[in-house]
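These notes concern the structure reproduced below.
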Amino acid sequence: MSAEVKRHVAIDLGASSGRVAIGTIQDGKLSVNVVHRFANGGVPVQGRLYWDVLGLWKEILHGLRLAAQHGHIHSVGVDSWAVDYALLDEHDLLMDGVHHYRDPRTGGVMDDCLNVLPRSAVYASTGIQFLPFNTVYQLVAHERQAPGILNRACQLLLVPDLLHFWLSGRRATERTNASTTQLYDPREDAWSAPVITAFGLPPVLFPDIVPAGTVLGEVTPAVAQETGLTSTVVVAPATHDTASAVAAVPAVGNDWAYLSSGTWSLVGVETLSPVVTPEALQYNLTNEAGVNGTTRLLKNVMGLWIVQECRRAWGSPDFAQLYADAEAAAGGPLVDPDDGRFLHAGLDMPQRIQAYCRETGQAVPATPAEITRCVLESLALRTAEVLLQLEDVTGRMISTLHVVGGGSQVRFLNQLLADTTGRRVIAGPVEATLIGNLLVQAEASGSIPAGSLRSVVLQSEALDTFEPTTAVPSQRLALFAQLGRAQPLHS
Ligand SMILES: C[C@H](O)[C@H](O)[C@@H](O)C(=O)CO
């Protein structure tokens, strides 16, 4: 490799695993070398659910040590899931564990908050979908659990911001993730004073907001010593993993939507500005910040989490086999994947699906294959519904659905998506999050021309196309639309 080719390192933290990867650009193409993979997941303690941030930090240091052995690393940046945060005291010490957004502590909190400041006012200020685990409701829950903690805290840092602080010593919140908190006003590009005031949150907690691509500073001497990195800068990528994934969608034109498919199914389009209209509120669509001033107008659909949790209950059979068996199984029963009962962790996930089918008068899927098929068909139908909502609020016609992320490897789901939505599905890249993270760093460091992220992805990645073959009967769409939505996670 020639001396001037820069090495960038992406630290990509997902809900069930993390990766450290080196990216380099040569002849307009990105090469990715994953140097370290590790497991992640919730840690249950006394009825609460936490993330093991210290364990993640240890894995990150190990990954950086391995990366440093490949030669000089120009930059490093972290992305992760959204909404979760750490509180730091006046000595920069962690004041509590980092709670997992699936921690049941937020039960009922969102409804209480919306009695104080109505939905319409929260939405007008933030444009963010109502999800019970948004940072704002987690903070109110935290204060209820540990009265006074918010006033004792000096700083709130979202998970990637905490890791950037430990890497560089700089405290800041990167905008794409800040937007997911429901505490950020996209039109002002600032924390939302009305929301912060209404819920009694101390404004001093919230750090400066910086855009993706900001150079935060060099790695600290302690990190340099621990890892062998020298003169490496920490660059904030799009720290919300979904924003990184969307940045790497290999799309051209304007008639496409994306599905970032993994633990969550994030279904959306990219817009030039937030769409904060009564219709968007009615559909509970969210306006999260994207890279380079774009907006990610999308909806969270529960995603493959439901299958992951069932698989845990079934003793972790091979995923590929489970999906192959699902393809061969009889389909039929459907669930609303966004029913609130599917949000929380639990080894009774298969029984929750069966109970849903029983309650709605459908056949009850019995085997792992039948249950998995039920979830995949339901996810495809929910995706179809959301695409119609997106077309409705934007006035756009969506002819192509780009499926990126780990879930894009599930060929059976890709075909179901094509058939159910009636749209062409283009699958890949699988590593969209890592790629988006690396390309934002590359853009900030001058390794690629500004605004060329998607063309680099198109040059670098092989994609798979799935055309709609068997149209899904309209009765099936109607049946899905009529399913009981007794406990919606969001409406
Ligand atoms: C809570 C989820 O993490 C979040 O809404 C989703 O956007 C995500 O980050 C998936 O990784």
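Any read-out appearing in this document is the output of simple, stated calculations on the displayed coordinates, not a laboratory observation. Keep in mind that what you see is a predicted model, and the values were worked out from it rather than measured. Here the Cβ positions follow ideal geometry from the backbone for every residue, glycine too, while neighbour counts run over all protein chains shown.
A few comments on the model shown:
- Only Lys, Arg, Asp and Glu carry charge here, each on its Cβ (+1 for the first two, -1 for the last two); on that basis the stretch 8-241 has a dipole of about 340 debye about its Cα centre.
- Its Kirkwood hydrodynamic radius, worked out from the mean inverse distance over all distinct Cα pairs, puts the stretch 282-343 at 14.6 Å.
- Our coupling estimate for the stretch 152-158, obtained by passing each phi through the Karplus curve with A = 6.51, B = -1.76, C = 1.60 and θ = phi - 60°, is 6, 6, 10, 8, 10, 10, 5 Hz, Gly and Pro reported as x.
- What separates the Cα centres of the stretch 11-34 and the stretch 103-180 is a distance of 29 Å.
- Cα-based shape type of the stretch 119-222, given that a ≥ b ≥ c are square roots of the gyration tensor eigenvalues and the cut on a/c is 1.5: oblate
- For the stretch 223-311, the list of trypsin sites (Lys or Arg not before Pro) that fall in a loop by DSSP and count at most 10 other C-beta atoms within 10 angstrom is empty.
- Cβ-based exposure ranking for Tyr323, Tyr137, Tyr50, in which fewest neighbours within 10 Å come first: Tyr50, Tyr323, Tyr137
- The Rg/Rh ratio for the stretch 349-400, using Cα coordinates for both the radius of gyration and the Kirkwood hydrodynamic radius, is 1.17.
- Part-to-part distance (alpha-carbon centres) for the stretch 200-241 and the stretch 270-336, which is given in Å: 29
- Span-rule helices in the chain, defined as complete DSSP H runs reaching 30 Å or more along the axis (Cα) with Kyte mean at least 0.0: 368-394
- Normalised by residue number, the volume inside the convex hull of the Cα atoms of the stretch 8-241 is 122 Å³ per residue.
- Dimensionless Rg/Rh of the stretch 375-452 - Kirkwood Rh, Rg from C-alpha atoms: 1.09
- Positive-end extreme of charge dipole, the stretch 95-182 - chosen from Gly169, Ser179, Gln145 (charges on Cβ): Gly169
- At R0 = 51 Å, FRET efficiency that the Cβ-Cβ distance of Ala324 and Arg144 yields, to 0.05: 0.65
- Distance-filtered residues of the stretch 403-419 - backbone nitrogen under 20 Å, label point 7 angstrom along Val252 Cα→Cβ: 403-404
- For Lys6, the lysines whose Cα falls under 27 Å of its own Cα, not counting residues fewer than eight places away in the same chain, are Lys29, Lys58.
- The order of Asp12, Asp464, going from fewest to most other C-beta atoms within 10 Å of their C-beta, is Asp464, Asp12.
- Along the axis of the charge dipole computed for the chain (Cβ charges of +1 for Lys and Arg, -1 for Asp and Glu, origin at the Cα centre), the listed residues Thr242, Gly23, Cys374 are led at the positive end by Cys374.
- In summary, the convex hull built on the alpha carbon positions of the chain has an orientation-averaged projected area of 21.4 nm².
- Taking only the Cα atoms of the stretch 173-331, the radius of gyration and Dmax are 19.8, 59 Å.
- Total charge dipole magnitude, the chain, about the Cα centre, Cβ charges on Lys, Arg, Asp, Glu only, Debye to nearest 20: 320
- Each part gets one Cα centre, and for the stretch 359-431 versus the stretch 242-265 those centres are 14 Å apart.
- Inter-site label distance for Arg396 and Gln459 at 7 Å from Cα along Cβ, in nm: 2.5
- FRET E, pair Ser273, Gln362, Förster distance 56 Å, beta-carbon r, rounded to 0.05: 0.85
- Report summary: the helix-based calculation at 222 nm, which adds -39500 (n - 2.57) for every DSSP H run with n ≥ 4 and divides by the residues of the chain, gives -11000 deg cm²/dmol.
- Annotation: amide H-H contacts under 5 Å for Asp185 (H modelled 1.01 Å from N, sequence separation of 5 or more, or interchain): Ala190, Trp191, Ser192.
- When peptides 391-398, 407-414 are ranked by their average number of other Cβ atoms within 10 Å per residue, the highest-first order is 407-414, 391-398.
- Extreme residue, positive dipole direction of the stretch 358-458, given options Gln362, Leu388, Ala418 (C-beta unit charges): Ala418
- Here the Karplus relation 6.51 cos²θ - 1.76 cosθ + 1.60, evaluated at θ = phi - 60°, turns the backbone of the stretch 187-203 into coupling constants of 6, 8, 6, 7, 4, 7, 4, x, 6, 4, 5, 4, 9, x, 8, x, x Hz, with x for every Gly and Pro.
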